[in-house]
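Enquirer: The structure's right below; bear with me while I get my questions together.
The values are calculated or read from the model by the stated rules, or taken from the named source; none is laboratory data. Keep in mind it's a predicted model, so treat the numbers as computed, not measured. Cβ placement follows ideal geometry from the backbone for every residue including glycine, while neighbour counts extend to all protein chains displayed.
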Ligand SMILES: *Cc1c(COP(=O)(O)O)cnc(C)c1O
């Protein structure tokens, strides 16, 4: 008898998922979650049915935190929080917790996600735009030497990888003593980073960490305790840190899935190995696009994203055909973001090199047929 469990993996083998988020997950991790869904670790209950204060769940939660600390070599003076609300909630939570230190903050505008962060932060106090790449349609990173950094800022916020525009910083900006705050939702764990250069790092889980519903915050301890009086308890970093991210019930299943991904990453050889694989993936795809006469990526070569590769067809009348034929060939979720159109291939950690080759082969064939 078919129980559905045998069929789905076979169908998955015929597809390649380039979703921008929630994004592809490693096949082996899904199988693992499936195998212990009804009965976690011989406890006779699902992880979804256990108290977040139980010994069992605490071992999962702490294990995830320790594994992430090892993967990114997070120094001991940083706290790791697993929170709800997505990266979007951080757009408010960060100013609510950090703005009061000096009364104003600096923001760098490199695209749609930075703009959203800026718009929210403005509700809470004075925000200076210290650099912007809007004048060149967000096709590059504003030269760090030209940033308008004044000394009395509570923090400087930037978006290391713009998921929609496909623009990524290739190095960490130097902001001196001013804490650097980074929205790493679509780049975290794709390559090694020096966490000690940051005041706060945050990332939604549904790209490189796991499934939606949980957000990872890595915060330097000395930045805890500046929340404004109006900050709700559920958003107060100090309270959340003191309660080990369990001020109220956390999203337990999302936390568990993040833990499985961290174990998978360790097995893959860690972030260094991921970065080697990711470098190959983005190089072969950009090289192919640049050499073709149909496809186009408009981002400055030095600032191109490793994780999100937007591209256009020079003949836009072929857009619909490209998307419907690629879907039929098992290449899923190549449609560009609704705000910018075109196509986008997101090639996060869980996307294999073979999937990128499958995409390139399709693009080659499509170009042959239509140009
Ligand atoms: C996906 C994403 C977000 C939004 O995450 P939510 O979980 O939907 O709030 C914010 N910033 C960046 C850079 C993203 O890629």
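Enquirer: Any residue at all in the stretch 268-286 that is touching a strand residue (DSSP E or B) at 6+ places or on another chain (Cβ under 9 Å) and not in a helix (DSSP H, G or I)?
Expert: Checking the stretch 268-286: not a single residue is touching a strand residue (DSSP E or B) at 6+ places or on another chain (Cβ under 9 Å) and not in a helix (DSSP H, G or I).
Enquirer: Using the structure shown, decide if residue 280 is away from the ligand (no atom under 16 Å from the Cβ) and either surrounded by fewer than 18 Cβ atoms within 10 Å (Cβ to Cβ) or modelled with pLDDT under 95 (or both).
Expert: Criteria met by residue 280.
Enquirer: Name the single residue, out of those in the stretch 83-104 being more than 16 Å from the ligand (Cβ to nearest atom) and in a loop (DSSP other than H, G, I, E, B), that is surrounded by the fewest Cβ atoms within 10 Å (Cβ to Cβ).
Expert: 103
Enquirer: Still on this structure, I have one more. Check whether at least one residue in the stretch 142-158 is touching a strand residue (DSSP E or B) at 6+ places or on another chain (Cβ under 9 Å), closer than 20 Å to residue 22 by Cα and within 16 Å of the ligand (Cβ to nearest atom), and report yes or no.
Expert: No, every residue in the stretch 142-158 fails to be touching a strand residue (DSSP E or B) at 6+ places or on another chain (Cβ under 9 Å), closer than 20 Å to residue 22 by Cα and within 16 Å of the ligand (Cβ to nearest atom).
Enquirer: State the number of residues belonging to the stretch 213-237 that are within 16 Å of the ligand (Cβ to nearest atom) and at positive phi.
Expert: Residues in the stretch 213-237 being within 16 Å of the ligand (Cβ to nearest atom) and at positive phi: 1 in total.
Enquirer: Restricting to the stretch 105-128, and then to whatever is assigned to a strand (DSSP E or B) and surrounded by fewer than 18 Cβ atoms within 10 Å (Cβ to Cβ), can you tell me which residue is nearest to the chain's Cα centre (by Cα)?
Expert: 128
Enquirer: All but one of (1) within 16 Å of the ligand (Cβ to nearest atom); (2) in contact with a helix residue (DSSP H, G or I) (Cβ under 9 Å, 6 or more places away or on another chain) hold for residue 198; which doesn't?
Expert: Checking residue 198 against (1) within 16 Å of the ligand (Cβ to nearest atom); (2) in contact with a helix residue (DSSP H, G or I) (Cβ under 9 Å, 6 or more places away or on another chain), the one that fails is (2).
Enquirer: Of the residues 190, 228, 154, 185, only one is in contact (Cβ under 8 Å) with a residue 40 or more places away in the chain, closer than 15 Å to residue 108 by Cα and in contact with a helix residue (DSSP H, G or I) (Cβ under 6 Å, 6 or more places away or on another chain); which?
Expert: Sole residue among the options that is in contact (Cβ under 8 Å) with a residue 40 or more places away in the chain, closer than 15 Å to residue 108 by Cα and in contact with a helix residue (DSSP H, G or I) (Cβ under 6 Å, 6 or more places away or on another chain): 154.
Enquirer: Determine which member of the set 60, 80, 66 is within 18 Å of the chain's Cα centre (by Cα) and outside any loop (DSSP other than H, G, I, E, B).
Expert: Among 60, 80, 66, only 80 is within 18 Å of the chain's Cα centre (by Cα) and outside any loop (DSSP other than H, G, I, E, B).
Enquirer: I'd like the full set of residues that are in a helix (DSSP H, G or I) and surrounded by 17 or more Cβ atoms within 10 Å (Cβ to Cβ), limited to the stretch 287-322.
Expert: 288, 289, 303, 318, 322
Enquirer: Another question about this same structure. Within the stretch 14-25, which residues are over 16 Å from residue 188 (Cα atoms) and crowded, with 17+ Cβ neighbours inside 10 Å?
Expert: 16, 17, 18, 19
Enquirer: Test residue 135 against the criterion of being more than 12 Å from the ligand (Cβ to nearest atom) and in contact (Cβ under 8 Å) with a residue 60 or more places away in the chain, and give yes or no.
Expert: In short, no.
Enquirer: Only one of (1) under 26 Å from residue 29 (Cβ atoms); (2) without any contact (Cβ under 8 Å) to a residue 60 or more places away in the chain; (3) in a loop (DSSP other than H, G, I, E, B) fails for residue 326. Which number is that?
Expert: All conditions pass for residue 326, except number (3).
Enquirer: Select from the stretch 330-365 the residues that are touching a helix residue (DSSP H, G or I) at 6+ places or on another chain (Cβ under 7 Å) and surrounded by fewer than 16 Cβ atoms within 10 Å (Cβ to Cβ) and list them in ascending order.
Expert: If the condition is that a residue be touching a helix residue (DSSP H, G or I) at 6+ places or on another chain (Cβ under 7 Å) and surrounded by fewer than 16 Cβ atoms within 10 Å (Cβ to Cβ), then 339, 353 are the ones that fit.
Enquirer: Just for the stretch 89-101: of the residues that are at pLDDT 95 or above and more than 20 Å from the chain's Cα centre (by Cα), which one is nearest to residue 159 (Cα to Cα)?
Expert: That would be 95.
Enquirer: Can I ask one more? Using beta carbons and a limit of 8 Å, which pairs, at least six apart or on different chains, have the first residue in the stretch 100-125 and under 21 Å from residue 336 (Cα atoms) and free of Cβ contacts under 8 Å to residues at least 60 places away in the same chain and the second one in a helix (DSSP H, G or I) and away from the ligand (no atom under 13 Å from the Cβ)?
Expert: Note: pairs meeting the criteria are 109/134.
Enquirer: Is at least one residue of the stretch 37-46 without any contact (Cβ under 8 Å) to a residue 12 or more places away in the chain and under 30 Å from residue 354 (Cα atoms)?
Expert: Taking every residue of the stretch 37-46 in turn, at least one turns out to be without any contact (Cβ under 8 Å) to a residue 12 or more places away in the chain and under 30 Å from residue 354 (Cα atoms).
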